[in-house]
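The values are calculated or read from the model by the stated rules, or taken from the named source; none is laboratory data. All of these numbers come straight from a predicted model, not from anything done at the bench. Cβ coordinates were reconstructed from backbone atoms using ideal geometry, including for glycine residues, and neighbour counts include every protein chain displayed. Accessible surface areas use protein heavy atoms only, side chains included; no ligands, DNA or RNA. Shrake-Rupley method; radii C 1.70, N 1.55, O 1.52, S 1.80 Å.
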Amino acid sequence: MCGIVGAVARREVAPILLEGLRRLEYRGYDSAGVAVVNRAEQLERVRTLGKVAELAKACEQSPVQGTTGIAHTRWATHGRPSESNAHPHMCRNKVAVVHNGIIENHDSMRARQKEQAFSFTSETDTEVIVHQLCHHLEQGDSLLDAVRHSCSELDGAYALGVIGICEPGRLIAARRGSPLVIGIGTGEYFIASDVAALLPVTQQFIFLEDGDIADLSCDGMVIYDASGAPVKRVQKTSQLTADAVERGEYRHYMLKEIFEQPRAIADTLEGRLYDGRVLEAAFGHGAAEVFDKVKGVHIIACGTSYHAGLVGRYWMEALAGIPCSVEVASEFRYRKPVVRNSSLIVTVSQSGETADTLAGLEEAKRLGFGQSLTICNVPESSLIRASDLVLMTRAGPEIGVASTKAFTTQLVALMLLTIVLGRRFGMTETAERELVKQLLHLPRQIDDVLGLDRQIMQLAERFGDKQHALFLGRGAQYPVAMEGALKLKEISYIHAEAYPAGELKHGPLALVDAAMPVVVVAPNNELLEKLKSNLREVGARGGEMLVFADQNTGIASDDTTTVLPVAPTDDCVAPIVFTVPLQLLAYHVAVLKGTDVDQPRNLAKSVTVE
C-alpha cells in the first residue's frame, strides 16, 4: 500500500526522501509527494500524479531544500488519484502530514472542522488529520502535543509523519494499526513504512508498536507509549543490504525473485532439519507443548498466501491425518465461525501487515480458537508480534507485487508444520524422513525447472492475442492452478480462471474453444489417469492445451496439445515444483503484452487497509 519516508538531519533530506520513495515503489501507488521545512522555516511541497520519477523531475524544476522533511507514495482509498489528493497534506502553511491507513470518523471531523473555518482541498480522510493538528497548534500546543491530542481524536488505523514550521528541526511519528519504523543514523533520524526505504542511510532500526509516538530531532529521540509514558524500544540491526533490493542483471524484480527460489527454499530449510527430522524448536520456544494440544488447524490468509494454505490443507489431512480448514481472511471475521477448541490458528502472509489477516487473527483470539502460529517473511511485522509461534520463510525482500518466492517458501513452511503435527497423528519416522529427503531435493528440482525458461518464453507467444485462459489441476495441484491463474491475470491482465479438472463437465467445458488456451499441471500421481480423461475432453472440443507434465506421465504432444516435460518429481512436493513454470509463463506473457510487470495497475504489494 502507501509508503512513508521522513528524515530529520543536518544535511539536505530531499535526495534521501526521493530515494526512499523509489525503494517503496513495489508497494503500489498512484501519486507521490514531498514536503520540507526550508532554511527560511517555511514549508515547501511538491506533489505529482504518477511515478516517483515524475516527482523527481518536478523537484528538479522546483527544488525543495531543507533538513527536515516527509514524503509519501499514495494508493487511492478515499478520493481518486490526483495531485490534490496526493500527500503530504498541509494546513495554513503551518504543518504537513503523511499518513498510511484509514480514519473512520473523518466525516464527523470534517463537518466540525468546516464549522471552524478550515478549508478542504482534497477528497481524502487524511486532510482531517492535518486540520486537527493545525487546530491544536493554534491553541498553543507544541508539535508533539498537537500530535498526541489529534491522535486521541482519531478512530481508525494510521501511521503518521508530521513536520511544522513552529519547530523546524523536529519530526513526529505516530503509529496505530499501520507499520512504521525508525531508522537511526549518526545525529540524524529517519522514518519509513518499510526498512527497505532506509537501507542506503542506516541498518539500525526501531519498530514502533501500536500507540507509540516518537519525537525525533538531531539532538535525540524520545518514544512515548500509548499511555504517554517514555519507553525504550529494542534497537535492531537489519541483515539486509542496500543492494539486496536491486534488480541486478534481471530485467524485472519478478524474474529475479523467480530465479532466487532455490536459494530461498534452501535458506528456509537451513537449521530446521537434523538427521532426517524436523526440529520443533524452529517454531519458537514452547512449540512442542503447543503442538501437543492441537486437535486441528485453521489457516487464515489472503490472495497468494490463501492458495498456499489450500495446498497445506491437502498435506495436513492426507499426510498428517489432522483436520484442517482454510479461510479467506477478509471473510473469516464476518461469517460468525464456530469455535473449534484446541485449534492451531495459522496465519500466512508475506508482509505480516495484511490488514484482513491481522483482523482475522484478532477475531480468532477473541473467539477462543486456540494458540497461534504465523508463517511470515518480514521480521518484526505486526503478525509476528501478535502470534504465539513464528516460522520465518527467509525469502528475503520480495519487491514484485506478484508474489513468487514468498509463495514457494510458504509451501515449504507448511510442509514443515505438517510434519511436526503429523508426528502426533500417526506419521511414522520413516514417512517423516522421506518427506525431509524430498524437501532437501527441492532446490535442485527448482533449478531444473528454471532451465525451461527459454522454452516457456517461446510458448508464451501463443498468449499474445488471447483474452482468456483456463487453468486445470487435480488434488493438491488445483490450488497451484489457482495460483497460476492469479499470476497471469495480475500481471498480463488476461482473464484467467482455475478449476479442478474433474469439474470441467459441470460448466467450464462450455468455454473451451480454439481461442481459450487451457493450461494444465500434470504430476505423476494416482490422479493421472483421471486427468488424462479430462484432457481428452478438452481436445475433443478443439481446445488448445499447454501441459506441464512429469516426464513419466506418458502425456505426449499432438495437434491440440503441447507438452513441456518437467523432471520427475516426488508427489508430495510436486505442488512446489509445478508452481515455478506457471510463474515463468505469466512473466513472459506479461513482458510480451508490455505491461508493468513489477507494479501492475490497481494493485499494491502489501494490503494494509481493509
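How high is the FRET efficiency from ARG80 to GLU41, r the C-beta distance, R0 22 Å, rounded to 0.05? All intermediate terms of the calculation are to be shown ahead of the outcome.
Numbers: r = 34 Å, r/R0 = 1.53.
Calculated transfer efficiency: 0.05.
Got the relative contact order for the chain handy, in percent, Cα pairs under 8 Å and 6 or more residues apart?
For the chain, the relative contact order is 12 percent.
Give the angle, between 0 and 90 degrees and rounded to the nearest 10, that separates the Cα long axis of helix 52-61 from the longest principal axis of the Cα atoms of the chain.
30 degrees
From Cα coordinates alone, what are the radius of gyration and Dmax values for the chain in angstrom?
Final numbers for Rg and Dmax: 25.5, 80 Å.
Can you give the accessible area per residue of the range 218-309, in Å², using a 1.4 Å probe? Show your work: numbers first, answer last.
Working: 4740 Å² over 92 residues.
Roughly 51 Å² per residue, with all protein chains present.
So, how do all the Cα-to-Cα distances of the range 78-216 break down into 10 Å bins, in percent, from 0 on up?
Using 10 Å bins, I get a P(r) of 12, 43, 35, 9, 1 for the range 78-216.
Provide Rg over Rh for the range 148-297; use the alpha carbon set for both Rg and the Kirkwood Rh (inverse mean inverse pair distance). Each step should come with its number before you reach the end.
Details: Rg = 20.4 Å, Rh = 18.9 Å.
Ratio of gyration radius to Kirkwood radius for the range 148-297: 1.08.
Alpha carbons only, please: Rg and Dmax for the range 31-76, in angstrom.
10.5, 33
On C-alpha positions alone, give me the angle between the axis of helix 429-450 and the longest principal axis of the chain, in degrees, nearest 10.
Approximately 80 degrees, to the nearest 10.
Have a look at the range 1-142 and give its Rg and Dmax from the Cα atoms, expressed in angstrom.
Using the Cα atoms of the range 1-142, the pair Rg, Dmax is 14.6, 41 Å.
For the range 222-353, just list the percent of Cα-Cα distances falling in each 5 Å bin from zero outward, please.
Histogramming the range 222-353 at 5 Å steps yields 2, 7, 10, 14, 17, 15, 13, 13, 7, 2, 0 percent.
At 0.36 nm per residue, and after removing the present C-alpha to C-alpha distance, how many nm does the segment from ASP558 to ASP210 gain when stretched out fully?
On the way: separation 348, 0.36 × 348 = 125.28 nm, distance 5.97 nm.
Stretched out fully, the ASP558 to ASP210 stretch lengthens by 119.3 nm.
Which of the lysines could be linked to LYS236 by a straight reach, that is with a Cα gap under 26 Å, when you skip same-chain ones fewer than 8 residues away?
Within reach: LYS405, LYS605.
Could I have the simple spin-label model distance between GLN116 and LEU592, label points 7 Å from Cα toward Cβ, reported in nm to one decimal?
For GLN116 paired with LEU592, the spin-label model returns 5.8 nm.
Could you quote the convex hull projected area for the range 64-110, Cα atoms only and averaged over all directions, in nm²? List each step's numbers first, then the result.
Numbers: hull surface 17.1 nm².
Projected over every direction and averaged, the Cα hull of the range 64-110 covers 4.3 nm².
By a straight-distance test (C-alpha under 26 Å), which lysines pair with LYS295 as possible cross-link partners, with residues fewer than eight away in the same chain excluded?
LYS336, LYS365
With equal scatterers on the alpha carbons only and no solvent term, can you work out the Debye log10 of I(q)/I(0) for the range 332-448 at 0.16 1/Å?
Ignoring solvent entirely, the Cα scatterers give -0.86.
Evaluate E = 1/(1 + (r/R0)^6) for LEU279 and ASP448, where r is the Cβ-Cβ distance and R0 equals 22 Å; express this FRET efficiency to the nearest 0.05.
Values: r = 28 Å, r/R0 = 1.26.
Calculated value: 0.20.
In nm², what is the average projected area of the convex hull enclosing the Cα atoms of the range 283-402? It would help to have the intermediate numbers written out before the result.
On the way: hull surface 28.5 nm².
For the Cα atoms of the range 283-402, the hull's average projected area reads 7.1 nm².
State the Kirkwood hydrodynamic radius of the range 539-595 in Å, one decimal place, computed from all pairs of distinct Cα atoms.
Evaluated on the range 539-595, it is 12.8 Å.
If you fit an axis through the alpha-carbon atoms of helix 303-315 and take the longest principal axis of the Cα set of the chain, what angle between them do you get, 0 to 90°, nearest 10?
Here the helix axis deviates by roughly 40 degrees.
Which percent of Cα pairs goes in each bin when the distances of the range 98-167 are cut into 10 angstrom slices starting at zero?
Histogramming the range 98-167 at 10 Å steps yields 21, 57, 22 percent.
Once fully extended, how much extra length lies between VAL234 and GLU123, figured as 0.36 nm per residue of separation less the alpha-carbon to alpha-carbon distance? Let's see the in-between values first.
Working: separation 111, 0.36 × 111 = 39.96 nm, distance 3.80 nm.
Length gained, VAL234 through GLU123: 36.2 nm.
Express the carbon and sulfur contribution to the solvent-accessible surface of the range 81-229 as a percent, rounded to the nearest whole number, probe 1.4 angstrom. Write down the numbers at each step before the final one.
Numbers: 2210 of 5010 Å².
That fraction is 44 percent.
How large is ³J(HN,Hα) for each residue in the range 116-129, as worked out from phi by the Karplus curve 6.51 cos²θ - 1.76 cosθ + 1.60 (θ = phi - 60°), to whole Hz, x for Gly and Pro?
With the stated coefficients, the range 116-129 comes to 8, 6, 7, 9, 9, 10, 9, 9, 7, 6, 4, 5, 5, 5 Hz.
Pop a pseudo-label 7 angstrom from the Cα along the beta-carbon direction at both LYS530 and ARG263 and give the gap in nm to one decimal.
4.1 nm
Show me the ranking of peptides 398-407, 109-118 by mean Cβ neighbours inside 10 Å, starting with the highest.
398-407, 109-118
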